[in-house]
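Colleague: Okay, here's the structure, questions in a sec.
The values are calculated or read from the model by the stated rules, or taken from the named source; none is laboratory data. Bear in mind that the values here come from a model prediction, so they are computed numbers and not experimental data. Neighbour counts are summed over all protein chains in view; Cβ atoms, including those assigned to glycine, are modelled from backbone coordinates with ideal geometry.
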């Protein structure tokens, strides 16, 4: 009897983020590894050593989501003038 093993792809998750003198550092977790993605301006590095890894893709996706939310929040604030007299 043959047994089929299905390869399951695990999406990396971001555990934490901090800002240091090196730039914004994101701790990205996978089942086997914990990697750190550092973003400083346009320079992006990962401790895994690859230039275009899934860790960097995950962080870029999260940053794009945060930028979209910030833009929507800014538009909402300007539309309804939520400055409260500042």
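Colleague: For the stretch 2-25, give me each residue that is part of a loop (DSSP other than H, G, I, E, B) and either modelled with pLDDT under 90 or in contact with a strand residue (DSSP E or B) (Cβ under 6 Å, 6 or more places away or on another chain) (or both).
Modeller: Once the filter is applied, which keeps residues that are part of a loop (DSSP other than H, G, I, E, B) and either modelled with pLDDT under 90 or in contact with a strand residue (DSSP E or B) (Cβ under 6 Å, 6 or more places away or on another chain) (or both), the stretch 2-25 yields 2, 3, 4, 5, 6, 7, 8, 9, 10, 11, 12, 22.
Colleague: Additional query: Being part of a helix (DSSP H, G or I) and over 14 Å from residue 14 (Cβ atoms) is true for just one of 64, 68, 60. Which residue is that?
Modeller: The conditions single out 68.
Condition check ((1) in contact with a strand residue (DSSP E or B) (Cβ under 9 Å, 6 or more places away or on another chain); (2) in contact (Cβ under 8 Å) with a residue 40 or more places away in the chain; (3) surrounded by 11 or more Cβ atoms within 10 Å (Cβ to Cβ)) across all residues:
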{"position": "27", "(1), (2), (3)": "yes, no, yes"}
{"position": "38", "(1), (2), (3)": "yes, no, yes"}
{"position": "42", "(1), (2), (3)": "no, no, no"}
{"position": "47", "(1), (2), (3)": "yes, no, yes"}
{"position": "55", "(1), (2), (3)": "yes, yes, yes"}
{"position": "75", "(1), (2), (3)": "no, no, no"}
